[in-house]
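The block underneath contains the structure these notes are about, expressed in structure tokens.
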Ligand code: AGP
């Protein structure tokens, strides 16, 4: 996933405007970056390998310009390097493009263009785009742009400028997000709203097959297949600018962990939507969840909760669902797609395929207006606000809150639980934010534990039933921001092999709610301690102390200390928890 930005207007410090826009898109990718501005009939390009914060002197210039484009990269084709950084141009540097996505037919296009004499400088898939525009150009930039876009296969959000027509920016979208910020005498193009909110709250969201002709004082959107004009709704960004800032926290991740109690409250605001959608879901013969990474763990927790009420369902990873589970989908199926960004390709493509097969689709999404929200039949928004850190924390809490509510309402619809139990459990969920606040108040204890264990090179996480996903999520967090190996297992599985890995000093995090399986968990802990492993308990009286809560809600409360634990271990290991290596906030490629 990459971050794209564009500016056209009356201000002549375009490079500075674009650089600041990129800083708000850095969570989308940060292995290289670049800016291109048109000035005195020249395209001035500055780009290099590295994070935005390291590139200010290299890519931000004082060139006088009122139109330009910019890009921060998460490499898919071609190593992170100066030459592979975007923007890319054609042979004569008359057309300049930035792109997010994958051009699946780039090799054949490159071969065709090289045979026509085009000279390439990078090993990226993107570079075929400016050369295609150049090849099609016969005096009309827009016509050449559309002809080039129609030759592309794969996913793209792309933005182009040209010396041939220096008063407009052209932008096109297919399966990668792109918005247009509407200013006064100026307009902005970006991958996501944090890049434009400092300039305008009014945005247009491009849909697949849309392209836009963006001038200083107008925006026209058309369909690049038909050429027809498309009427677009103007959306107003309703969250506060501060939400996209750190507000005094050292990292976005820490801020977002401390926003977890509010994430529960915000998700609860969708209760009416959840109730209505549950009544639809209850009418289907089979229920599937599809998601990736942390969102998948939230979906897995929902699977366990539904099973507690005697309702079978399946939670499947998007990349597996796409080529396996999809064969079982028909119109008697309900599919719940869970995604913070609403742009994850592995999840999105499953939703589209299930739609084609007649299934009923529900999305559980954080980013309003994201692609997934426009594919599914109904949406449950978690309203967690922008989640900037690559490692998902508050969004996970919002997803689990929504899914617990959904499971309860489905169970009530199916007469598996009564109204009284439902109301009692909803009241219990409302009590979770306060209990979570108590956990957060113990942050210093958790920081101390992280200090004691930050040198460990392997961790085990174990839990049972709805806390097996909690173990998975705890393990993923420490893997992705501390680069430490961590294994998560259903606690009962240790003795079937993994126990061989336990030896002196290996830390085992045991998730132990006070329920009917507590004794079983104690036996698993004893098995581990008999091999001199060090067991750290997440429990009402454990090393990670949590307040009393209904065990069904433990996937919510018991993960917060583990998010903090992973965060502080990352810090102690001298790493940047907000921007872990090799990763991006939303993986918009399959
Ligand atoms: C979570 O911390 C990771 N960043 C990653 O696993 C993420 O949850 C996954 O890519 C799914 O993203 P989504 O929720 O935006 O679909």
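Put simply, when 122-135, 308-321 are sorted by average Cβ atoms within 10 angstrom per residue, most first, you get 122-135, 308-321.
Relative to the longest principal axis of the Cα atoms of the chain, helix 271-281 runs at roughly 90 degrees. To the nearest whole percent, what portion of all C-alpha pairs in the stretch 14-137 is separated by more than 26 angstrom? Everything past 26 Å amounts to 18 percent. Starting from 0.36 nm per residue, how many nanometres of slack lie between residue 10 and residue 92 once their C-alpha separation is accounted for? Length difference between fully extended and current span is 26.8 nm.
Projecting label points 7 angstrom from Cα along Cα→Cβ for residue 503 and residue 269 puts them 5.3 nm apart.
Could you work out how far helix 518-529 tilts from the main Cα principal axis of the chain, as a 0 to 90 degree angle to the nearest 10? With both axes taken from Cα atoms, the answer is about 80 degrees.
A simple packing score, the average count of other Cβ atoms within 10 Å per residue, orders the peptides 77-86, 365-374 as 365-374, 77-86, with the highest score first.
Treating only the Cα positions of the stretch 106-214 as identical point scatterers, give the base-10 log of I(q)/I(0) from the Debye formula at each q in 0.14, 0.17, 0.18, 0.23 Å⁻¹. With one equal scatterer per Cα and no solvent, log10 I(q)/I(0) is -0.60, -0.84, -0.92, -1.27. PRE reach from residue 279 (point 7 Å along Cα→Cβ): which of the stretch 379-417 fall under 18 Å by backbone N? The answer is 379-380, 405-417, whose backbone nitrogens lie closer than 18 Å to the label point. Taking every alpha-carbon pair under 8 Å whose residues sit at least 6 apart, the chain reaches a relative contact order of 12 percent. Based on the alpha-carbon gyration tensor of the stretch 438-590 and its eigenvalue square roots a ≥ b ≥ c, which shape applies: rounded if a/c is under 1.5, prolate if not and a/b is larger than b/c, or oblate? In terms of gyration-tensor shape, rounded.
Extending 7 Å from Cα along the Cβ direction at residue 427 and again at residue 522 yields two label points whose distance is 3.0 nm. In the chain, helical runs assigned H by DSSP with n ≥ 4 each contribute -39500 (n - 2.57); averaged across all residues and rounded to the nearest 500, the mean residue ellipticity at 222 nm is -11000 deg cm²/dmol. Using C-alpha pairs under 8 Å with a sequence gap of at least 6, the mean separation divided by the residue count of the stretch 1-117 gives a relative contact order of 31 percent. The Stokes-Einstein estimate for the stretch 172-233, based on a Kirkwood radius over Cα pairs and taken at 20 °C with 1.002 mPa s viscosity, is a diffusion coefficient of 183 µm²/s. Projecting label points 7 angstrom from Cα along Cα→Cβ for residue 56 and residue 40 puts them 2.7 nm apart. What's the FRET efficiency of residue 231 with residue 438 using the Cβ-Cβ distance as r and R₀ = 41 Å, to the nearest 0.05? Efficiency, rounded to the nearest 0.05: 0.20. Mean sequence separation of contacting Cα pairs (under 8 Å, at least six apart), scaled by the length of the stretch 484-538, corresponds to a relative contact order of 45 percent. Would you please classify the overall shape of the stretch 135-177 from the alpha carbon gyration tensor, given that a ≥ b ≥ c denote the square roots of the eigenvalues, rounded means a/c under 1.5, and beyond that prolate means a/b larger than b/c while oblate covers the rest? It is oblate, given that a/c is not under 1.5 and a/b is not larger than b/c. Scoring 324-330, 69-75 by mean Cβ neighbours within 10 Å over their residues and listing the highest first yields 69-75, 324-330. Calculate how steeply helix 394-413 sits against the longest principal axis of the alpha-carbon atoms of the chain, using the helix alpha-carbon long axis, and give the answer as 0 to 90 degrees to the nearest 10. So the inclination is approximately 60 degrees.
For q = 0.08, 0.09, 0.10 Å⁻¹, what log10 I(q)/I(0) does the chain give under the Debye formula with an equal point scatterer on each alpha carbon and no solvent? Values returned for q = 0.08, 0.09, 0.10 Å⁻¹ are -0.57, -0.71, -0.86. Tell me whether the stretch 385-496 comes out rounded, prolate or oblate; compute the Cα gyration tensor, take square roots of the eigenvalues as a ≥ b ≥ c, and use a/c under 1.5 as the rounded threshold. It is prolate, given that a/c is not under 1.5 and a/b is the larger ratio.
The numbers here are math on the coordinates, done by the rules we state, and not lab data. What you see is a predicted model; the values in this text were computed from it and never measured. All Cβ positions, glycine included, derive from the backbone under ideal geometry; neighbour counts span all protein chains shown.
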